[in-house]
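J.: Quick one: the structure is below, questions incoming.
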Amino acid sequence: MISFFAQLWRRMLYYGRRGEFDADLEEEMRHHLEMKAEENLAAGMSAEAARRAARRQFGNPTWLREESRQMWSFRSIETWSQDLWFGLRMLRKNPGFTAVAVLTLALGIGANTAIFTVIYGVLLRPLPFNDAGRVVWMWGVMRDRGNRASVSPLDFLDYRARNQSFDEFAASISIPISFNLTGSGEPERLSGAVVTTNYFAALGVTPMLGRSFVADEEQPGRDRVVVLSHSLWQRRFGADPQVIDRAITLDDQSFTVVGVMPPKMRFPLDADLWRPMSFGGNPEMRQRKAHFLRPLGRLKAGVTLDRAQAEIDTIAGQLEEQYPDTNTKWTMRLVPLREQIIGDIRPTLWILLGAVAFVLLIACSNVANLLLARSAARQREMAIRLALGASRWRVVRQMLTESLLLSLVGGALGVLLALWGVDVLVSLSAADIPRAAEIGVNAPVLGFTLVVSLLTGTLFGLVPALGASRPRLHDELKEGSRNVSGARHRLRSLLVIAESALAVVLLIGAGLLIKSFVKLQQVSPGFEAERVLTLRLDLPPARYASPAQAANFFHQLQQGVAALPGVEAVGMVSELPLSGQPNDAPFAIEGRPPDAPDQRPLADFRRVNADYFRAIGIPLLRGRAFTEQEARQSANVVIISQQLAEQYFPDEEALGKQLRLDFMSKEPFEVIGVVGDVRHRGLAGNVYQAMYLPTLGVLRTNLVVRTTGDPASLAPAVRKEVAAIDPQQPVAAVKTMGQWVSESVAQPRLRTLLLGLFAAVALLLSVIGIYGVMSYVVTQRTREVGIRMALGARRGDVLRLVVGQGMKLALAGVASGIAAAYGLTRLLKSLLYEVSTTDPATFVVTALLLAGVALLACYAPARRATKVDPMVALRYE
């Protein structure tokens with residue numbers, strides 16, 4: 001064994017360090033020439049004659065080296081080609097074995113390729129920006145709270161003016177912006193982003209057509225320019241290169257197209273278009289209280305993130321001293337752009353890669369078991385080859401060639417499976433996977449598949465090859481001899497135990513996620529999602545310049561939709577629950593000492609109409625709902641959630657209390673009602689205290705329609721009602737409330753589905769492995785079974801013997817898997833909802849499941865063993 005590995009190591013060194021070996025060979029030849037010349041000198045020759053004679057005797061060193069290399073290369077190529085063709089013939093000769101092995105490997109390699117494709121596209125692929133490692137995302141935070149927030153406009157301008165760490169310091173408006181495109185074709189609502197003029201420079205991306213914004217376009221009156229996304233340019237403008245300098249109508253205002261971005265530019269918010277931010281003329285852009293900007297910067301060359309963070313903290317301290325009323329404890333936290341884009345999906349992807357790696361190991365164990373059984377059947381062939389003079393290395397190389405052929409064919413089929421799997425995966429979860437548009441099988445992914453295939457072929461092929469190259473020649477060449485290797489049998493048993501243990505780990509992980517997802521689905525969102533239709537309306541401010549005009553539009557729409565058959569109630573709300581749009585607002589309680597600026601309580605703030613609570617099904621616990629008049633006049637009344645009432649009025653009645661909302665009005669708001677808590681930010685998150693204000697004059701509003709039947713069937717009629725009031729008003733985000741709830745748990749559902757699928761494949765492969773081993777054992781022990789039955793053993797005894805042997809392996813695997821899962825499932829802690837990583841029920845059910853299917857896998861070959869005819873078995877070879 002030691003000599004074999006030494007020879008293998010020397011041959012690998014030759015190919016890896018051929019240049020060094022050639023130099024050593026030349027040095028060795030020169031040394032021998034000098035020694036021969038010295039011998040000739042000692043014999044009495046002259047110096048010149050001694051060197052000539054030495055060269056004649058020894059030959060030309062360069063010629064010898066080249067001849068040696070050519071002979072080695074020719075013999076190696078010829079030998080490897082023989083191994084390749086012989087391996088292909090052997091695999092073609094056994095189509096059943098080849099098909100099972102290739103399909104098993106294709107499942108394992110294909111699953112790994114699919115998940116790695118997603119990981120490469122999301123986590124590893126470089127961002128499509130120039131020198132993206134220097135781009136930094138910034139969050140506004142309060143030091144003692146750690147909550148992520150935006151930055152006020154004046155604070156942004158101060159940070160931009162005072163910092164010395166950034167080449168570019170830019171920002172975008174954090175609130176989702178939309179534009180109504182009209183004037184040619186059907187009205188369309190477009191997602192947009194409002195950014196500073198240096199935003200694209202900070203990202204390091206340039207337009208593919210036209211130009212980006214210039215500094216002067218931050219001024220009022222000069223900001224009516226837009227840059228289009230590549231997808232909008234193709235879809236709406238037919239990829240017309242003459243679109244530059246064309247005027248388009250957005251929200252009833254004329255804008256000039258100055259550029260088109262390349263396909264790679266999808267940031268921020270995957271916008272359809274961008275327009276420049278204007279800091280003058282708009283009062284909201286000249287204050288420090290409201291935080292709605294998201295800064296982004298490009299670090300100067302050589303500046304580290306820590307150094308930039310220290311400078312930002314220093315500037316934040318200066319602003320805190322200058323403006324204590326608004327900036328106390330406020331600072332910014334810097335995050336690499338890649339980390340910001342990836343978000344919290346990284347743990348999920350790595351856990352899924354670990355899961356498919358387990359599936360691949362189980363597949364390798366199965367194929368190794370197949371090869372062990374096949375090598376046992378080929379012992380006589382190997383013995384004859386060794387007896388005829390073949391070296392042990394030659395036999396090992398032949399069998400490794402066959403296993404590598406299997407893995408490469410399995411890898412090729414796995415790539416085809418991965419192509420289909422990636423398409424399905426992205427289509428199911430494109431909205432929940434960052435950088436989904438960049439996911440695809442490419443050269444790095446194919447390189448990964450090739451490496452995995454080669455390692456897999458070596459992994460499952462080496463041990464059987466080593467075993468087959470060491471037969472006992474005397475026993476194997478004897479006619480009629482039978483030699484069942486105990487070492488080989490033990491190895492097959494260990495492989496079954498290992499794959500059973502891996503399957504248990506995956507099954508327990510999948511069970512925990514399934515239980516967590518079930519609990520998440522059982523969480524009440526605080527409203528009734530059934531039979532509710534929602535849609536988004538964004539009124540252009542140029543056409544609806546006053547709140548009264550907007551209120552009149554929505555009043556007409558409310559009356560028209562309410563009159564449709566099958567409509568029970570029509571509500572309106574500024575932001576839908578579970579839509580991912582939190583809107584924290586500070587408040588104070590009239591008559592109580594004012595809180596410090598950094599200690600002011602916050603509540604999730606929503607604007608609603610009079611019938612919103614009935615339309616969406618939020619229960620009114622105390623007090624009353626808004627009246628139509630209060631909604632039309634935006635009266636100073638407020639409805640609060642139960643949690644807010646319990647938090648701030650624990651021992652007194654909240655109705656009639658006065659809340660001060662300085663960002664809305666100088667006059668206090670009277671609490672007229674208390675409603676149930678709503679999980680606005682997600683089913684798994686905490687319940688946030690909320691407040692609701694009456695209005696009908698908000699330009700951006702969600703319509704909520706409760707119906708008596710299928711809500712989706714009512715969508716065309718609602719669209720007609722909108723068009724009847726304003727033909728130029730597009731409708732967007734037409735969904736049922738059930739879809740919003742479903743999309744809010746899309747990521748947990750995806751990882752549960754995938755891990756459950758991988759666990760099911762692992763269970764199937766492990767059962768096949770147990771069945772294969774027991775079938776092989778029955779075949780090898782046919783003579784023994786015949787003898788036992790001839791001596792009086794009953795069929796039940798034989799059944800218990802075979803099943804007991806298989807169950808010992810399965811139970812050993814279950815015990816090992818439970819021990820491993822006890823530690824590994826802790827990696828799932830952040831992904832579970834109200835489920836412990838060591839949930840006893842999940843562990844017990846998984847153990848019983850695997851034991852049950854293992855029993856079935858053992859029973860079939862055991863039953864076959866009980867039907868053996870003793871007379872036939874005694875003659876069996």
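The values are calculated or read from the model by the stated rules, or taken from the named source; none is laboratory data. Predicted model, so just to flag it, every value in this text is computed and none were measured. All Cβ positions, glycine included, derive from the backbone under ideal geometry; neighbour counts span all protein chains shown. We work out accessible area using only protein heavy atoms, side chains counted, and drop any ligands, DNA or RNA first. Shrake-Rupley method; radii C 1.70, N 1.55, O 1.52, S 1.80 Å.
J.: May I ask you to say which residue of 540, 594 is surrounded by fewer than 18 Cβ atoms within 10 Å (Cβ to Cβ), in a loop (DSSP other than H, G, I, E, B) and modelled with pLDDT under 90?
T.: On the way: 540 fails: surrounded by fewer than 18 Cβ atoms within 10 Å (Cβ to Cβ).
Result of the check over 540, 594: 594.
J.: Filter region 802-830 for residues that are over 21 Å from residue 764 (Cα atoms), open to solvent by 20 Å² or more (accessible area, probe 1.4 Å) and touching a residue at least 40 places away in the same chain (Cβ under 8 Å) and give the result.
T.: Answer for region 802-830, where residues must be over 21 Å from residue 764 (Cα atoms), open to solvent by 20 Å² or more (accessible area, probe 1.4 Å) and touching a residue at least 40 places away in the same chain (Cβ under 8 Å): 824, 827, 830.
J.: May I ask you to say which residue of 548, 503 is out of contact with any Phe, Trp or Tyr (no Cβ under 9 Å at 6 or more places or on another chain) and at pLDDT below 90?
T.: After applying the criteria, what remains is 548.
J.: For the structure I just gave you, tell me whether residue 324 is touching a residue at least 60 places away in the same chain (Cβ under 8 Å), touching a Pro at 6+ places or on another chain (Cβ under 8 Å) and either surrounded by fewer than 18 Cβ atoms within 10 Å (Cβ to Cβ) or within 18 Å of residue 148 (Cα to Cα) (or both).
T.: Details: touching a residue at least 60 places away in the same chain (Cβ under 8 Å): yes; touching a Pro at 6+ places or on another chain (Cβ under 8 Å): yes; either surrounded by fewer than 18 Cβ atoms within 10 Å (Cβ to Cβ) or within 18 Å of residue 148 (Cα to Cα) (or both): yes.
Yes: the conditions hold for residue 324.
J.: Just the residues that are of a type outside the set (Asp, Glu), open to solvent by 20 Å² or more (accessible area, probe 1.4 Å) and under 41 Å from the mean Cα position of the chain (by Cα), please, taken from region 556-587.
T.: Scanning region 556-587 gives 567, 579, 580, 581, 582, 583, 586.
J.: With the requirement that a residue be open to solvent by less than 20 Å² (accessible area, probe 1.4 Å) and either part of a loop (DSSP other than H, G, I, E, B) or under 28 Å from residue 140 (Cβ atoms) (or both), what does region 179-193 give you? Working first, answer last.
T.: Step one: of region 179-193, the residues open to solvent by less than 20 Å² (accessible area, probe 1.4 Å) are 179-182, 190, 192-193.
Those that are open to solvent by less than 20 Å² (accessible area, probe 1.4 Å) and either part of a loop (DSSP other than H, G, I, E, B) or under 28 Å from residue 140 (Cβ atoms) (or both): 179, 190, 192, 193.
J.: Continuing with the same structure: Right, residue 508: of a type in the set (Val, Ile, Thr) and open to solvent by 30 Å² or more (accessible area, probe 1.4 Å) or not? Talk me through it step by step, then tell me what you get.
T.: Numbers: of a type in the set (Val, Ile, Thr): yes; open to solvent by 30 Å² or more (accessible area, probe 1.4 Å): no.
So residue 508 fails the test.
J.: Right, here's the next one. Within region 847-864, which residues are touching a residue at least 40 places away in the same chain (Cβ under 8 Å), of a type outside the set (A, V, I, L, M, F, W, C) and closer than 14 Å to residue 767 by Cβ?
T.: The initial filter retains those residues of region 847-864 that are touching a residue at least 40 places away in the same chain (Cβ under 8 Å), namely 847, 849-851, 853-864.
Among the residues that remain, those that are also of a type outside the set (A, V, I, L, M, F, W, C) are: 859, 861, 863-864.
Scanning region 847-864 gives 859, 861.
J.: Which condition from (1) in contact with a Gly (Cβ under 6 Å, 6 or more places away or on another chain); (2) outside any loop (DSSP other than H, G, I, E, B) is the one that residue 640 breaks?
T.: With respect to (1) in contact with a Gly (Cβ under 6 Å, 6 or more places away or on another chain); (2) outside any loop (DSSP other than H, G, I, E, B), residue 640 is out only on (1).
J.: Residue check, residue 876 against (1) open to solvent by less than 80 Å² (accessible area, probe 1.4 Å); (2) modelled with pLDDT under 75; (3) part of a helix (DSSP H, G or I), all met but one. Which one?
T.: Condition not satisfied by residue 876: (3).
J.: Pick from region 185-223 the residues that are hydroxyl-bearing (Ser, Thr, Tyr) and without any contact (Cβ under 8 Å) to a residue 60 or more places away in the chain: which of them is farthest from residue 250 (Cα to Cα)? Give the derivation first.
T.: Initial filter on region 185-223 (hydroxyl-bearing (Ser, Thr, Tyr)): 191, 196-197, 199, 206, 212.
Narrowing the set further to residues that are without any contact (Cβ under 8 Å) to a residue 60 or more places away in the chain leaves 206, 212.
Values: 206: 24, 212: 19 Å.
Selected residue: 206.
J.: With the requirement that a residue be farther than 20 Å from residue 531 by Cα and among the basic types (Lys, Arg), what does region 721-756 give you? Talk me through it step by step, then tell me what you get.
T.: As a first pass, look at region 721-756 and keep what is farther than 20 Å from residue 531 by Cα: 722-730, 746-756.
749, 751, listed by residue number.
J.: Answer yes or no: is there a residue in region 666-680 that is open to solvent by 80 Å² or more (accessible area, probe 1.4 Å), within 22 Å of residue 523 (Cβ to Cβ) and assigned to a loop (DSSP other than H, G, I, E, B).
T.: Taking every residue of region 666-680 in turn, none turns out to be open to solvent by 80 Å² or more (accessible area, probe 1.4 Å), within 22 Å of residue 523 (Cβ to Cβ) and assigned to a loop (DSSP other than H, G, I, E, B).
J.: If you don't mind, another one. State which residue is farthest from residue 586 (Cα to Cα) when the search covers only region 140-178 and only residues that are part of a strand (DSSP E or B) and open to solvent by 50 Å² or more (accessible area, probe 1.4 Å).
T.: Kept after step one, since they are part of a strand (DSSP E or B), are these residues of region 140-178: 140-142, 149, 151, 166-173, 177-178.
When the remaining residues are screened for being open to solvent by 50 Å² or more (accessible area, probe 1.4 Å), the result is 167-168.
Details: 167: 35, 168: 32 Å.
The qualifying residue farthest from residue 586 (Cα to Cα) is 167.
J.: Next question, about the same structure. Among all residue pairs at least 6 apart or on different chains, which show Cβ distances below 8 Å where the first residue, located in region 225-236, is in contact (Cβ under 8 Å) with a residue 60 or more places away in the chain and in a strand (DSSP E or B) and the second is buried (at least 20 other Cβ atoms within 10 Å of the Cβ) and of a type in the set (A, V, I, L, M)?
T.: If the second residue must be buried (at least 20 other Cβ atoms within 10 Å of the Cβ) and of a type in the set (A, V, I, L, M), no pairs are left.
J.: All but one of (1) within 38 Å of the chain's Cα centre (by Cα); (2) more than 26 Å from residue 148 (Cβ to Cβ) hold for residue 652; state the number of the condition that does not hold.
T.: (1)
J.: Of the residues 249, 314, 256, which single one is under 21 Å from residue 137 (Cα atoms), open to solvent by 10 Å² or more (accessible area, probe 1.4 Å) and of a type in the set (S, T, N, Q)?
T.: Details: 249 fails: under 21 Å from residue 137 (Cα atoms); 256 fails: under 21 Å from residue 137 (Cα atoms).
Only one candidate qualifies: 314.
J.: Would you check if residue 607 is open to solvent by 50 Å² or more (accessible area, probe 1.4 Å) and in a strand (DSSP E or B)? Spell out how you get there, then give the answer.
T.: Details: open to solvent by 50 Å² or more (accessible area, probe 1.4 Å): yes; in a strand (DSSP E or B): yes.
Here the answer is yes, as residue 607 does meet what is asked.
J.: If you take the residues in region 271-311 that are open to solvent by 30 Å² or more (accessible area, probe 1.4 Å) and assigned to a strand (DSSP E or B), which one is farthest from residue 167 (Cα to Cα)?
T.: The residue in question is 275.
J.: Does any residue in region 298-319 that is over 20 Å from residue 155 (Cα atoms) come within less than 7 Å, Cβ to Cβ, of a residue that is of a type in the set (Phe, Trp, Tyr) and not in a helix (DSSP H, G or I) six or more places away or on a different chain, and which pairs are these?
T.: Short answer, once both residue conditions are applied: 300/166.
J.: For a quick check of your reading of the model, give me the residue pairs whose first member lies in region 618-645 and is touching a residue at least 12 places away in the same chain (Cβ under 8 Å) and farther than 23 Å from residue 737 by Cβ, whose second is in a strand (DSSP E or B) and among the hydroxyl-bearing types (Ser, Thr, Tyr), with beta-carbon atoms closer than 9 Å and at least 6 apart or on different chains.
T.: 638/692
J.: Output the number of residues of region 406-451 satisfying the condition of being assigned to a loop (DSSP other than H, G, I, E, B), among the small types (Gly, Ala, Ser) and under 21 Å from residue 107 (Cα atoms).
T.: Let us first name the residues in region 406-451 that are assigned to a loop (DSSP other than H, G, I, E, B), namely 430-435, 439-442.
Checking the rest, the ones that are also among the small types (Gly, Ala, Ser) come to 430-431, 440.
Right, trim to under 21 Å from residue 107 (Cα atoms) and you get 440.
The total comes to 1.
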